Amino acid sequence: MTELLTDEAAIDRAGTDAITALTQAATAATFYGAPLSEEQIAANKRIVTISAATCAAAATNANQHLAAAFVDDRFAGYVIATRHDSSGHELDWLMVHPDFRGSPVSSTLMMAGMDWLGHDKPMWLNVIAFNARAIRFYEKFGFAIDPTAESRHVVPHRIMRRA
């Protein structure tokens with residue numbers, strides 16, 4: 001059974017070392033699907049380095065929401081949702097440990113982020129351009145690649161939007 005904790009309770013239960021380790025495992029499994037330059041590899045490693053601090057900041061920010069999933073007391077993943085302004089609702093981070101790929105964890109976290117943002121609100125997310133599995137997953141929740149949007153990430157990303 002998946003247990004969800006939010007914000008500070010999620011940080012307390014997961015712990016910063018576990019957040020970093022989970023982010024390392026998740027990015028290793030999904031962020032390296034194409035040959036990358038040294039600059040792109042460094043950008044991916046930066047995600048791991050800032051993950052715990054980013055989660056801690058989200059847990060105490062009124063414009064952000066952190067939800068963490070635990071399966072049989074094991075930290076399985078997390079999502080950060082961000083309200084940038086009245087029209088800018090973003091599913092900012094979704095990290096799931098590779099051991100839980102294909103399980104309900106990803107969907108549970110996705111719904112937690114969307115619930116907090118408001119299903120009736122337009123929202124968007126960034127996805128690694130070559131991560132076809134993630135793109136298909138997001139499409140199941142009504143997201144579609146915005147062909148006109150440009151991403152400034154060092155590693156190629158696509159912006160997906162949900163009306």
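Which residues in segment 120-163 have a backbone N closer than 18 Å to a point placed 7 Å from the Cα of THR49 along the Cα-to-Cβ line?
From segment 120-163, the list is 153-155.
For the chain, what does the relative contact order come out to in percent, with C-alpha contacts under 8 Å and a separation of six or more?
22 percent
Using only helices, what value at 222 nm comes out for the chain when you add -39,500 (n - 2.57) per DSSP H run of length 4 or more and divide by the total residues, to the nearest 500 deg cm²/dmol?
Counting only the DSSP helices, I get -13000 deg cm²/dmol.
Using θ = phi - 60° and the Karplus relation 6.51 cos²θ - 1.76 cosθ + 1.60, list the HN-Hα couplings for segment 101-113 in order, rounded to whole Hz, with x at every Gly or Pro.
For segment 101-113, the Karplus-derived couplings read 5, x, 9, x, 4, 4, 5, 4, 5, 4, 5, 4, x Hz, x marking Gly and Pro.
Every read-out reported here was derived from the displayed coordinates using simple, explicitly stated rules and does not represent laboratory data. Everything numeric in this text was worked out from a predicted model, so none of it was measured. Note: ideal-geometry Cβ built from the backbone for every residue, glycine included; neighbour counts use all protein chains shown.
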